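S.K.: One structure, pasted below without further comment.
The values are calculated or read from the model by the stated rules, or taken from the named source; none is laboratory data. As the structure is a computational prediction, the values presented were derived from the model and not from experiment. We place every Cβ from the backbone using ideal geometry, glycine too, and count neighbours over all the protein chains shown.
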Number of protein chains: 2
Amino acid sequence: MSNTINISSKLSQFSDQWCPRRIATVDDMQVIVAKISGEFVWHSHDTGDEMFFVQKGTLLMQFRDRTETVSEGEMIVVPAGVEHCPKTNDGQECHILVFEKLATKHTGDVDHEMTVSEYPEI
Amino acid sequence: MSNTINISSKLSQFSDQWCPRRIATVDDMQVIVAKISGEFVWHSHDTGDEMFFVQKGTLLMQFRDRTETVSEGEMIVVPAGVEHCPKTNDGQECHILVFEKLATKHTGDVDHEMTVSEYPEI
C-alpha cells in the first residue's frame, strides 16, 4: 500500500470551486486543497494560523491594508486573528493547498452561503 | 512589505545538503526546506507527524517494511513514532519541504554526525 499523495491527482478529482477537500492530516493540522475563482468572504480565524500554497494560477490575498499576490510555487501565512479575503484575477481559476488546524472553520465566525462545514476526504 | 514566500527562491540561497532552513512557521509547526542526496539516518520522532513534499527530484522514503517513492509534486506523511530513513537515487539531488512541529529534532533521539540542532531562518 502506498501512502504517497499526488496533489495534481487529488485536484483532478473535483471541479467545484470554494469547496475544499482534505488530503492529509499532520498532528492536529489538516492539508486541504481547493479550486477557487472570483472573491471569497472576509473572515479571520481565532483557532490558528493558515498557510496557503499556490499549486496553479495566482492567488490575490486581500488584507484590510494591502493585497498580496501569491504566484504558482509561492506561499503565504495568514496569522491567527487577521482578517483576510482570498480572490483571483477576473475569470481565472487558482488551485491552492491550505495548511491549518483541523478545528479551523472555513469562514471563521462568519456564516455565509459560501461556507462549507465539512471537508470531504479524498 | 510582502510576506509571500517563494520556495524556489529560498532553495536557491544555499547548496549544502541535509542542512534544513526554516522558511515559515504555522502555529507550533515549522516549514523547512532542504537539499538532500544519498542516504540519511534511521530515526523516528515522538514529538509528532512529519509531512514531506517533493519540490524537485525523487525522494525514496524508507520504512522498516517498505520503501515509498515520492516524486515531484507528491507528498507523504510519516506518522509520529514510525522509523524512517529518507534517501535519494544514487547521485541525484532532491529538494524537499518538511512540515513538522517546531520541537521536532532533526534525527529524533539519534545523535549522528549528520544531525543539525538549529535550522537557520531564511
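S.K.: Here's a check for you: in region B:25-63, which residue that is of a type in the set (S, T, N, Q), part of a loop (DSSP other than H, G, I, E, B) and over 13 Å from B:M75 (Cα atoms) is modelled with the lowest pLDDT? First the steps, then the outcome.
M.R.: Taking region B:25-63 as the starting set, the residues that turn out to be of a type in the set (S, T, N, Q) are B:25, B:30, B:37, B:44, B:47, B:55, B:58, B:62.
When the remaining residues are screened for being part of a loop (DSSP other than H, G, I, E, B), the result is B:37, B:44, B:47, B:58.
Now drop any that are not over 13 Å from B:M75 (Cα atoms), which leaves B:37, B:44, B:47.
Numbers: B:S37: 98, B:S44: 95, B:T47: 90.
Selected residue: B:T47.
S.K.: Can you name the residue in region B:95-121 that is within 14 Å of chain A (Cβ to nearest Cβ) and not charged (D, E, K, R) and is also surrounded by the fewest Cβ atoms within 10 Å (Cβ to Cβ) among such residues? Even if it seems obvious, please write down each step before you answer.
M.R.: Keep residues of region B:95-121 that are within 14 Å of chain A (Cβ to nearest Cβ), which gives B:95-104, B:121.
Subset that is not charged (D, E, K, R): B:95-99, B:102-104.
Working: B:H95: 19, B:I96: 22, B:L97: 22, B:V98: 20, B:F99: 26, B:L102: 15, B:A103: 12, B:T104: 20.
Looking at the filtered set, the residue picked out is B:A103.
S.K.: Got at least one residue in region B:62-84 being closer than 22 Å to B:P120 by Cβ and among the aliphatic types (A, V, I, L, M)? Break it down into steps so the answer makes sense when it comes.
M.R.: Step one: list which residues in region B:62-84 are closer than 22 Å to B:P120 by Cβ, which gives none.
No, region B:62-84 contains no residue that is closer than 22 Å to B:P120 by Cβ and among the aliphatic types (A, V, I, L, M).
S.K.: Mind counting the residues in region B:29-49 that are among the charged types (D, E, K, R) and either within 14 Å of another protein chain (Cβ to nearest Cβ) or buried (at least 22 other Cβ atoms within 10 Å of the Cβ) (or both)? First the steps, then the outcome.
M.R.: Here is the first cut: in region B:29-49, the ones among the charged types (D, E, K, R) are B:35, B:39, B:46, B:49.
Next cut, either within 14 Å of another protein chain (Cβ to nearest Cβ) or buried (at least 22 other Cβ atoms within 10 Å of the Cβ) (or both) only: B:46, B:49.
Total satisfying the criteria: 2.
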